[in-house]
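The values are calculated or read from the model by the stated rules, or taken from the named source; none is laboratory data. A quick note: this is a predicted structure, and the numbers were derived from the prediction, not measured. Virtual Cβ from ideal backbone geometry, glycine too; neighbours counted across all protein chains shown. Just so you know, the surface numbers come from the protein's heavy atoms only, side chains and all, with ligands and any DNA or RNA stripped out. Shrake-Rupley method; radii C 1.70, N 1.55, O 1.52, S 1.80 Å.
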Amino acid sequence: MIITAVMWGSYAPILKRAAAATGCTLRIFPNRVLEDNPEKMDEALAAMRTSDVVLLYHTSDMFWEQLDKEIKEIRKTVPVICLGTDPLTWGLSTVDTSIVATCQTYLTNNGDENFRNLLGYIENVVSGRDIPVEPPLAVPWDGLYHPDAPEVFLNAGDYRAWYAPRACEGPWVAFLFSRVSWASSNCAIEDALI
């Protein structure tokens, strides 16, 4: 299956990993690339026209004004799934809103497994295949992260108990960072700081 996607840049690495794991051909155009390089719009539109499905994460970036007009034509021949924080943009989708809502849940919950299942779910919907997929997995919205830990900790007591054998004298330092970095396994900077 060939998917052309316009997504937040932070979703691009995890979507690429999911495509590689599932065998999908992914042509991805991060929002920032289209916003900063208007000449890429023609490339994105051409890719959409030859795709099995178009997957969008609609934002408020200016390029969407042009893209929305083109999508209205593309959606006549290619299935479109339009996600985003504003459910009004879901109306660009050609699939049932229950399918859009399920795709949005996979994306919002984030994580490698959810993105792999998202692509399998989309392939089932678009091609009528019967690929086994799990429903969207709940992923914690917050917690305590350490790169050596097997999972995120949901409370400070559990973290301190795990960390106690590793603790050294002196003050402890913690910092806040985006859930999307952790959920998409994109924590290289955070890991280096820890």
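Ignoring ligands, DNA and RNA, what percent of the 1.4 Å accessible area of the chain is carbon and sulfur?
Percent of accessible area from carbon and sulfur atoms in the chain: 54.
Below 8 Å between Cα atoms, with a sequence gap of 6+, how large is the relative contact order for the chain in percent?
This gives 18 percent for the chain.
Restrict the search to the stretch 1-62; then list the chymotrypsin sites (Phe, Trp or Tyr not before Pro) that DSSP places in a loop and that have at most 16 other Cβ atoms within 10 Å of their Cβ.
On the way: sites: Trp8, Tyr11, Tyr57; in loops: Trp8.
Filter output for the stretch 1-62: Trp8.
Contact order normalised by length for the stretch 15-130, with contacts defined as Cα pairs under 8 Å and 6 or more residues apart; what percent is it?
After rounding, I find 26 percent.
Tell me the label only: which of (i) 18.7; (ii) 12.6; (iii) 13.8 is mean projected area of the Cα convex hull in nm² as calculated from this structure?
(ii)
Calculate the length of the line joining the C-alpha centroid of the stretch 37-86 to that of the stretch 105-166, in whole Å.
28
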